[in-house]
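Have a look at the structure below, then the notes.
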Amino acid sequence: TDLGFRRDSILTARVDLTAERYRENDPVWALLRRTTDEIAALPGVRGVALEGPGLPTGGWYQAHFTPDGAPSDAEQVVARRHHVTPGYLGTLGIRLLAGRDLSTDDVPGGPRAIVVSERLAKQAWPGESAIGKQLRSIGPTQTPWTVVGVAGEVSHSGLDPEASQIADVYISVYQSPPRSPALVTAFVRTSADAATL
């Protein structure tokens, strides 16, 4: 079964950030940067990325958006929201269909970048390119996110056919709201047998 990502030569580890010292963003961001830098420097590592909460877990964050250009009475777009570090799609071997992956340029305070799944792009802007379009978060802030990439479909919840019909969005952990994510999975792509690392 094609799950939408490469399962070979991948090592995973769960990191729990629910401790009191990680209640604010800065210590979380510092830990994530240090973790990815140190793992990337290990011999045999070809790529490293972090995601909250991590696939495939059956659990995920839900997000509601309004696409730009949609009429006021248009239905909201519902998606699984994945908080990821730069290079996530490449590390997991998720197909990039248009645009770019999230990068180190997507920083706190900068323009908010988002990668959407092909399903969401077709749902929000049928027959059009999603690149450069905006999604607005539903809520008091109405935060706008600019689409920088379109990714292939991934079975984030295993083989559950109902869950596979849900769209996905990927945003940088460095542009995420406070205390999100609290649980993170590290994905390490290796050049040899992952067990040896």
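The values are calculated or read from the model by the stated rules, or taken from the named source; none is laboratory data. Everything numeric in this text was worked out from a predicted model, so none of it was measured. Every residue, glycine as well, gets a Cβ built from its backbone with ideal geometry; the counts of neighbours run over all protein chains shown. Note: accessible area is taken over every heavy atom of the protein model, side chains too, but ligands, DNA and RNA are not part of it. Shrake-Rupley method; radii C 1.70, N 1.55, O 1.52, S 1.80 Å.
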Kindly check whether there is at least one residue in the range 36-44 that is surrounded by 14 or more Cβ atoms within 10 Å (Cβ to Cβ), modelled with pLDDT of 85 or more and in contact with a Lys or Arg (Cβ under 7 Å, 6 or more places away or on another chain). no
Enumerate the pairs (first residue in the range 18-44 and assigned to a helix (DSSP H, G or I); second residue anywhere and among the hydroxyl-bearing types (S, T, Y)) with beta-carbon separation below 6 Å, excluding pairs fewer than 6 apart on the same chain, so at least 6 apart or on different chains. V28/Y22; W29/Y174; T36/T85
Please specify each residue of the range 32-51 satisfying the condition of being more than 11 Å from V188 (Cβ to Cβ), aliphatic (A, V, I, L, M) and within 18 Å of the chain's Cα centre (by Cα). L32
Name every residue in the range 29-38 that is among the aliphatic types (A, V, I, L, M) and in contact with a strand residue (DSSP E or B) (Cβ under 9 Å, 6 or more places away or on another chain), in order of residue number. L31, L32
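Being open to solvent by 50 Å² or more (accessible area, probe 1.4 Å), modelled with pLDDT of 95 or more and either within 14 Å of V169 (Cα to Cα) or of a type in the set (S, T, N, Q) (or both), is that true of even one residue in the range 100-107? Break it down into steps so the answer makes sense when it comes.
Start the filter on the range 100-107 by keeping residues that are open to solvent by 50 Å² or more (accessible area, probe 1.4 Å), which leaves 100, 104-105, 107.
Now narrow it down to the ones that are modelled with pLDDT of 95 or more: 100.
Narrowing further to those that are either within 14 Å of V169 (Cα to Cα) or of a type in the set (S, T, N, Q) (or both): 100.
Yes: one or more hits.
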Of the residues in the range 108-135, those that are open to solvent by 60 Å² or more (accessible area, probe 1.4 Å) and closer than 16 Å to H82 by Cα come to R112, E118, R119
Residue check, V78 against (1) within 16 Å of the chain's Cα centre (by Cα); (2) surrounded by fewer than 16 Cβ atoms within 10 Å (Cβ to Cβ); (3) of a type outside the set (S, T, Y); (4) at pLDDT below 85, all met but one. Which one? (4)
Does any residue of the range 46-53 turn out to be more than 19 Å from I94 (Cβ to Cβ), open to solvent by 30 Å² or more (accessible area, probe 1.4 Å) and either assigned to a loop (DSSP other than H, G, I, E, B) or of a type in the set (K, R) (or both)? no
